[in-house]
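For reference, the structure is listed below as structure tokens.
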Amino acid sequence: MIFSTKKEKKYSYVEAGEGHPLVLLHGLMGGLSNFDKMVDFFSDRGFKVYVPQLPIYDLPVLNTNLTTIAKYIIKFIESHISGPVTIVGNSMGGHVGLILTLARPDLVKNLVLTGSSGLYERTFGDSFPRKNDRSYIRKKTEEVFYDPKIATEDLVDEVFGVVNDRMKGIKTVMLARSAIKHNMLNDLPKILTPTCLIWGKQDNVTPPEVAQDMHKFIPNSDLFWIDQCGHAAMMEKPDEFNEILYSWVKDKV
């Protein structure tokens with residue numbers, strides 16, 4: 001199904017279905033389309049699904065950090081949704097979910113993390129040494145997935161466009177640095193919200209030991225593995241991901 005994006009002065013987001021609110025947060029190189037199959041699945045099963053576009057490239061340079069993005073999502077929840085939500089975050093979106101849950105546990109009923117940053121991640125690095133080399137960008141994009149075919153031409157074009165736009169490139173590097181600097185290890189034991197970790201066994205960006213450590217330090221957490229799957233499980237193995245999440249969340253809302 002094709003979902004239209006609502007565009008308001010402050011927010012652009014997809015909204016679908018009726019029921020318990022599910023807020024999906026994409027990663028640094030991600031976007032709303034990362035969650036297409038999730039939106040389809042959960043909007044048909046008693047959930048109202050929101051996918052806000054994170055303001056990755058819209059923030060002033062001095063405020064380009066994960067805490068500012070978490071505050072942005074807090075305001076979105078307060079202004080658009082009544083009652084606590086289930087947050088689902090991939091990669092940097094998971095990190096934003098962790099910061100948000102710590103700051104405002106009253107707004108988060110359940111937290112779901114997949115390939116989340118917050119402890120350790122391998123990134124593009126601090127620069128893009130071969131940013132004009134499309135085959136290099138293709139290789140780096142393919143490494144995010146277990147199956148390189150998931151890195152479509154459109155996706156590679158999107159990443160290539162970001163790294164070759166000077167201001168977008170600068171802000172991408174700033175947020176990647178912010179993620180590394182904002183290590184959550186000492187904060188994880190304070191997260192008392194029920195937490196579901198769904199991880200690709202072959203995640204090269206946030207390797208399996210990240211999931212194991214998060215499971216160890218977040219008191220009320222469950223960990224599920226998806227085999228033959230990389231960093232974006234909801235894109236690479238959407239059916240398996242959705243079934244795991246639905247089984248876990250349906251009795252918690």
To the nearest 20 debye, what is the magnitude of the charge dipole of region 183-253 about its Cα centre, counting +1 on the Cβ of each Lys and Arg and -1 on the Cβ of each Asp and Glu?
240
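Given 0.36 nm per residue, what is the gain on full extension from residue 157 to residue 135 after removing their alpha carbon distance, in nm? Write down the numbers at each step before the final one.
Working: separation 22, 0.36 × 22 = 7.92 nm, distance 1.08 nm.
That pair, residue 157 and residue 135, stretches by 6.8 nm at full extension.
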Please identify, among 231, 215, 95, the residue showing maximal mean-square fluctuation in a Gaussian network model of the chain using a 10 angstrom Cα cutoff.
215
Name the long-range amide H neighbours of residue 226: under 5 Å, sequence gap of 5 or more, or other chain; modelled H, no Pro or chain starts.
199, 200, 201
Would you pull out the residues with amide H under 5 Å of residue 12's amide H, same chain only if 5 or more places away, H placed 1.01 Å from N?
53
Theoretical FRET efficiency, 1/(1+(r/R0)^6), r = Cβ-Cβ of residue 228 and residue 45, R0 25 Å, to 0.05
0.45
Once you place label points 7 Å from the Cα toward the Cβ at residue 204 and residue 239, how far apart are they in nm?
2.6
Cα centroid separation - region 141-172 against region 31-59, whole Å:
19
Once you put a point 7 Å from the Cα of residue 57 and another 7 Å from the Cα of residue 8, both along the Cβ direction, what distance in nm separates them?
2.3
Taking a ≥ b ≥ c as the square roots of the eigenvalues of the Cα gyration tensor of region 5-98, is the shape rounded (a/c under 1.5), prolate (a/b larger than b/c) or oblate?
prolate
Residue by residue through region 215-223, what is 3J(HN,Hα) from phi via Karplus (6.51 cos²θ - 1.76 cosθ + 1.60, θ = phi - 60°)? Round to whole Hz and write x for glycine and proline.
4, 5, 9, 8, x, 9, 10, 10, 10
Along region 56-72, what does the Karplus equation 6.51 cos²θ - 1.76 cosθ + 1.60 (θ = phi - 60°) give for ³J(HN,Hα), rounded to whole Hz, x for Gly and Pro?
4, 9, 9, 7, x, 3, 5, 10, 7, 8, 5, 5, 5, 5, 4, 4, 4
Where a ≥ b ≥ c are root eigenvalues of the Cα gyration tensor, a/c under 1.5 meaning rounded, otherwise prolate if a/b exceeds b/c and oblate otherwise, region 159-251 counts as oblate
Diffing region 33-43: the Karplus 3J(HN,Hα) column from phi (6.51, -1.76, 1.60, θ = phi - 60°), in whole Hz with x for Gly and Pro, holds 5, 4, 10, 3, 6, 5, 4, 3, 5, 7, 5
First check a/c for the chain, with a ≥ b ≥ c the square roots of the eigenvalues of its C-alpha gyration tensor; if it is under 1.5, answer rounded, and if not, answer prolate when a/b is larger than b/c or oblate otherwise.
rounded
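Excluding ligands, DNA and RNA, what is the solvent-accessible area per residue of the chain at a probe of 1.4 Å, expressed in Å²?
In whole numbers, the chain has 45 Å² accessible per residue.
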Which peptide among 195-208, 49-62 comes first, and what is the full order, when sorted by highest mean count of other Cβ atoms within 10 Å?
195-208, 49-62
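The values are calculated or read from the model by the stated rules, or taken from the named source; none is laboratory data. Bear in mind that the values here come from a model prediction, so they are computed numbers and not experimental data. Methodologically, a virtual Cβ is constructed for each residue, glycine included, from the backbone with ideal geometry; neighbour enumeration extends over all protein chains shown. Calculation scope for accessible area: heavy atoms of the full protein, side chains included, ligands and nucleic acids excluded. Shrake-Rupley method; radii C 1.70, N 1.55, O 1.52, S 1.80 Å.
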